[in-house]
1. Can you compute the helix-only [θ] at 222 nm over chain A? Use -39500 (n - 2.57) per DSSP H run of at least 4 residues, normalise by all residues, nearest 500 deg cm²/dmol.
2. Would you mind checking the pairs A:K38/B:K38; A:K37/B:K43; B:K58/B:K131; A:K43/A:K131 and listing those with alpha carbons more than 31 angstrom apart?
3. Any idea what diffusion coefficient the protein assembly as shown gets from Stokes-Einstein, in µm²/s, Kirkwood Rh on alpha carbon pairs, 37 °C, 0.692 mPa s?
4. Can you tell which of B:G31, B:A110, B:N74 lies farthest toward the positive end of the dipole of chain B, using +1 and -1 charges on the Cβ of basic and acidic side chains (Lys, Arg; Asp, Glu)?
5. Just the Kirkwood number for segment A:2-159, please: inverse of mean 1/r across all distinct Cα pairs, in Å, one decimal.
6. For chain B, what is the charge dipole size about the Cα centre, in debye to the nearest 20, if Lys and Arg each add +1 at the Cβ and Asp and Glu each add -1 at the Cβ?
7. Give the aspartates and glutamates whose C-alpha is closer than 15 Å to that of A:K124, dropping any in the same chain fewer than 8 places away, or say none.
8. What does DSSP give for the protein assembly as shown in terms of the percent of beta bridges that are antiparallel, rounded to the nearest 5?
2 protein chains.
Amino acid sequence: MRILGIDPGTQITGYGILEKRNNHIIHIDNGGIFPPKKAPFYKKISHIHEKISEIIQKYAPDMVALEDIFVAKNAMSSLKLGHARGAIMVATHQFQLPLYEYTPTQVKQALTGYGRATKEQIQKMVQALLKLPETAFTDASDALAIAICHLHSYRMKKIQ
Amino acid sequence: MRILGIDPGTQITGYGILEKRNNHIIHIDNGGIFPPKKAPFYKKISHIHEKISEIIQKYAPDMVALEDIFVAKNAMSSLKLGHARGAIMVATHQFQLPLYEYTPTQVKQALTGYGRATKEQIQKMVQALLKLPETAFTDASDALAIAICHLHSYRMKKIQ
């Protein structure tokens with residue numbers, strides 16, 4: 001089972017691909033989508049859609065886990081982020097992949113057991129769990145954390 | 001020149017198609033996209049993308065005019081609306097159509113000469129300008145108003 005985790009953002013969208021084989025979690029790849037800084041906003045949003053579509057075609061995940069948000073501290077950032085998430089939802093649905101959403105608190109709880117872990121603690125935990133030679137950059141690491149959170153929750157759901 | 005005006009919303013997205021022929025504005029069609037009420041949120045967003053794509057294929061507009069927002073009064077509505085706008089931006093870009101955005105104030109000013117017109121005044125003005133037999137429903141009427149605003153601004157820009 002292969003899972004694509006996504007940490008959405010209009011400036012950087014992090015992604016991470018994991019595979020579960022015989023109860024082991026294998027790291028496949030991780031990276032970031034960086035829309036051209038000077039492009040009009042709607043082209044940035046379309047860029048995210050195109051790149052997510054390419055990643056799905058390249059890695060053929062079985063499902064997508066996306067960072068959820070309720071309402072960001074900054075209403076303007078929240079609104080922009082909504083556009084990026086909309087573009088990702090469209091790409092996911094076009095490839096008929098199921099989409100799961102997890103809040104930052106759920107991700108932190110799944111990885112460290114409590115909901116207030118720092119960005120650095122998450123990075124270190126992701127590196128340790130996936131046995132990465134070095135920490136992934138923040139957005140990619142967050143995307144991997146979302147994928148790990150999903151695998152954890154998904155396993156829990158199957159056991160119940 | 002054919003223009004597709006869109007009033008985005010996760011519950012109802014209004015659309016209106018106008019054509020400019022020899023300095024006359026001709027009403028082609030208007031209507032609404034109504035995502036299934038009980039569908040998961042990401043399917044509603046994808047539904048909007050699919051329907052906008054179908055409308056573009058059916059009516060072959062030359063450009064798209066979309067209602068812009070800065071920050072809505074309600075941060076949660078604003079965030080949801082961002083997703084719908086993201087899906088519309090993706091569809092527009094997939095058909096390589098240029099996208100123009102107008103704030104509600106710009107639309108009201110273009111139609112009535114001042115920025116604080118009521119919904120009903122806009123509906124009546126749209127009906128009168130396009131010689132519609134009856135007023136279009138609010139969201140479709142707003143979409144037509146956005147298209148009219150674009151034709152007006154576009155003409156102004158060309159003259160300058």
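1. Using -39500 (n - 2.57) per qualifying helix, the result is -17000 deg cm²/dmol.
2. On the way: A:K38/B:K38 39 Å; A:K37/B:K43 29 Å; B:K58/B:K131 23 Å; A:K43/A:K131 36 Å.
In this structure, A:K38/B:K38; A:K43/A:K131 exceed 31 Å between Cα atoms.
3. Details: Rh = 20.8 Å.
It comes out at roughly 158 µm²/s.
4. Sorting the options by dipole projection puts first B:N74.
5. On the way: mean 1/r = 0.0641 Å⁻¹.
In segment A:2-159 this quantity evaluates to 15.6 Å.
6. Working: 20 positive and 13 negative charges, 30 e Å.
About 140 debye.
7. Within the straight-line cut-off, A:K124 pairs with A:E134, A:D139, A:D142.
8. Values: 30 of 46 bridges.
The antiparallel proportion sits near 65 percent.
Laboratory data are not the source of any read-out in this text; all were calculated from the coordinates shown. Small disclaimer: the values here were computed from a predicted structure and weren't measured. All Cβ positions, glycine included, derive from the backbone under ideal geometry; neighbour counts span all protein chains shown.
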